[in-house]
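Here the structure is laid out as structure tokens; the discussion comes afterwards.
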Amino acid sequence: MREFVRYVLLPAIVGGLVGFAVMLAMHFDTLSSKPGYASAVKRASPSVVNIYSTKLVAPICQLPRFRDWCSRFSTTGSNHMQSSLGSGVIVHEDGYILTNNHVIAGADEILVAFSNGQATTAKLVGSDPETDLAVIRVQASGLTPISVGSSDEVEVGDVALAIGNPFGIGQTVSSGIISAKGRAGVSPSPYDDFIQTDAAINPGNSGGALIDAEGNLIGINTMIVSRSGGSDGIGFAIPARLAMSILTEIMENGRVTRGWLGVELASAPPAGAGVGLEIIDVQRNGPADNAGLRVGDYILAINELPAVSSMVVSRQIAHAEPGSDLKLDVLRRGRQLSLTAESGVRPQSN
């Protein structure tokens, strides 16, 4: 009996008490921790800023056709300031801030307001209209750069939080999920690769942060699709991977340099064909023209990579180092040719 108590009953009682204590501790821990993403927001929000930009708009009365009309109204011809608002993300302790190009385009003055209530002016470092990204810089100390996550690893259905300055009311957080990845064709740019989210994005959110549930940056909020002009749950963010690569190039060179061929291509191969993009236009004295490409030719492959869509080909050409060779497999009137073009420098968009 003594052995039963010592080796069976006593261990069972002790084990039961330990198990009960663990369950009790877990229960109280669950009660004390509230659901939500406050810790993620607290981590990321000091790195998100409000941006106000202004530019001087030339009076309409400077145009000859309106001078007579304006002379009747003394106030019509006066210059006026046009303001815009947006958001930005601190990405470097030295004062570098990522935002959208359309937030600061043409600005004569850029004002940055921090989450602690302080504000200062900023200078434009460089911009890339084709991805709608820009880098500005402030002279300030004690900045908190955002933690950058992996936009490649996020999955559809993951939690996403948007932080920005909608309608200029101040820093605001909205929540949603990742609705889709790799969205293209929603803007005129050939470099679309958007993260889609249903987190509310409104005017003023542009340039702000899209973060994950841990507070890491996964995208720069940039645009919405909406019939009302407000958030209808279809917002788009530039992936952090692309944004950071643009940031690096602008910090180092002041601009983004892309390869260029100088052709306009059909968006997709002919019906029933898996590859082959027809050349619709060839820019005179451009790389394609100098290589002997003609309107009506079909590009089958570039550097042995099949030409399956204009988006794929545009990105491939853009990534080519200016001055490097582009080996082209071309179909001309049923005859296959091999041509070589020297990549040029893509002209910058305005």
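Laboratory data are not the source of any read-out in this text; all were calculated from the coordinates shown. Since this is a predicted model, take the numbers as computed values, not measurements. Cβ placement follows ideal geometry from the backbone for every residue including glycine, while neighbour counts extend to all protein chains displayed.
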Checklist entry - If you put +1 on each Lys and Arg Cβ and -1 on each Asp and Glu Cβ, how big is the dipole of segment 159-253 around its Cα centre, in Debye rounded to 20? => result 200
Checklist entry - What FRET efficiency would be calculated for the residue pair Ser141, Lys181, taking the C-beta separation as r and a Förster radius of 30 Å, to the nearest 0.05? => result 0.20
Checklist entry - How high is the FRET efficiency from Leu339 to Glu155, r the C-beta distance, R0 45 Å, rounded to 0.05? => result 0.60
Checklist entry - Between Ala268 and Ala213, what is the FRET efficiency for a Förster distance of 41 Å, r being their Cβ-Cβ separation, to the nearest 0.05? => result 0.60
Checklist entry - Among Asp94, Asp193, which comes first, then next, by fewest other beta-carbon atoms within 10 Å? => result Asp94, Asp193
Checklist entry - What percent does the relative contact order of segment 275-350 come to when contacts are Cα pairs within less than 8 Å and at least six residues apart? => result 31
Checklist outcome for this item: The residues Glu153, Glu342, sorted from fewest to most surrounding Cβ atoms within 10 Å, come out as Glu153, Glu342
Checklist outcome for this item: Per the rule of 0.36 nm per residue minus the C-alpha distance, extending Lys55 to Asn290 adds in nm 80.4 nm
